[in-house]
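Below you'll find the structure, written out as structure tokens, and then a few comments.
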Amino acid sequence: MDSNYAPRRLLRLVGRLAVCASLACAVSAFADSLDERNELIHHFVTDFNANPLVADCAAHGNFIASTSTAFDHVEFPPESFDASHSAIEPWNDSFDEKKQRIKVDNVVTVEGQGMPKSNERDPAPLKFRCGYVGSQLLAFGWNDPVPPLRAQSHTSARSAKGKHSAKTKSSSGKTKSTAKSSGSSKSTKKSSNKH
């Protein structure tokens, strides 16, 4: 028994060390991306005289776009921070009417050029929209040319669900939903199969 106990303890220790190492890598990557974001904000504010909220929105947009399958990064020329390509609008309402219904004080918009991951395509004009309460970013949106796959499957599931809730007339003349009538017909079939 003792000969089996030592290797198991060693395996558990190795497993714990692997988990700690992966957590350390994740924390390190988060710190690196946070440092990059702060450097980018500093660059926009000091070199382009950008408003700090506009600079923050641009840096966040750059980070989000770099996670897209379409873009490597976003370039923000100095014109991105002038009045014709960026704005801070007092809002005091919901950020949008979709999932981000959170109330924000200001909506910031800024434009940039999405640089594609492959050189086969031209840069794409991107517009980022950020919702703030004070200096805290609480909501974000952009004109992503590649919608997330999850949203597409969610939409198709929702439309399929909508089809099943259509109302039909039963033989008794009362209106029932399809979901209820199909559920009752299944239970009827099951009970008739037992006989």
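The values are calculated or read from the model by the stated rules, or taken from the named source; none is laboratory data. Here the structure is a predicted model, which is why all the values come from computation and not from measurement. Here the Cβ is made from the backbone with ideal geometry for all residues, glycine too, and neighbour counts use every protein chain on show.
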Next item on the list: Could you check how many residues of the range 73-86 are loosely packed, with under 13 Cβ neighbours inside 10 Å and either among the small types (Gly, Ala, Ser) or at pLDDT below 90 (or both)?
Entry: 2
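Only one residue in Asn106, Asn62 is part of a helix (DSSP H, G or I), of a type outside the set (Gly, Ala, Ser) and at pLDDT 60 or above, so which one is that?
On the way: Asn106 fails: part of a helix (DSSP H, G or I).
It is Asn62.
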Check: List the pairs whose first member sits in the range 138-153 and is under 17 Å from Ile102 (Cα atoms), whose second member is at pLDDT 95 or above and among the hydroxyl-bearing types (Ser, Thr, Tyr), and whose Cβ atoms are under 8 Å apart, counting only residues at least 6 apart or on separate chains?
Finding: Leu138/Tyr132
Notebook entry, point to check: What's the number of the condition Glu111 fails, among (1) modelled with pLDDT of 90 or more; (2) in a helix (DSSP H, G or I); (3) acidic (Asp, Glu)?
Noted result: (2)
Note to self: Among the numbered criteria (1) out of contact with any Lys or Arg (no Cβ under 8 Å at 6 or more places or on another chain); (2) at pLDDT below 60, which one does Pro90 miss?
What the structure shows: (2)
Item checked: Search result, residues across the range 77-100 that are within 22 Å of the chain's Cα centre (by Cα) and not in a strand (DSSP E or B) -> Phe95, Asp96, Glu97, Lys98, Lys99, Gln100
Note to self: Condition (residue is modelled with pLDDT of 50 or more and either in contact with a helix residue (DSSP H, G or I) (Cβ under 7 Å, 6 or more places away or on another chain) or under 30 Å from Asp56 (Cβ atoms) (or both)) applied to the range 150-159: is it met by at least one residue?
What the structure shows: yes
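Has the range 59-75 got at least one residue that is of a type in the set (A, V, I, L, M), within 17 Å of the chain's Cα centre (by Cα) and within 18 Å of Tyr132 (Cβ to Cβ)?
Here is the first cut: in the range 59-75, the residues of a type in the set (A, V, I, L, M) are 59, 64-65, 70, 74.
Checking which are within 17 Å of the chain's Cα centre (by Cα) leaves us with 59, 64-65, 70.
Okay, now just the ones that are also within 18 Å of Tyr132 (Cβ to Cβ), so 59, 64.
Yes: one or more hits.
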Notebook entry, point to check: Is there any pair with a first residue in the range 27-40 that is within 20 Å of Val74 (Cβ to Cβ) and a second that is at pLDDT 70 or above and assigned to a helix (DSSP H, G or I) whose Cβ atoms are under 7 Å apart and which are 6 or more apart or on different chains, and what are they?
Noted result: Ser33/Phe63; Arg37/Ala59; Arg37/Phe63; Leu40/Ala59; Leu40/Asn62
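For every residue, the table says whether it meets (1) farther than 14 Å from Arg129 by Cα; (2) surrounded by 12 or more Cβ atoms within 10 Å (Cβ to Cβ).
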| residue | (1), (2) |
| --- | --- |
| Phe44 | yes, yes |
| Phe48 | yes, yes |
| Ile88 | no, yes |
| Asn92 | yes, no |
| Phe95 | no, yes |
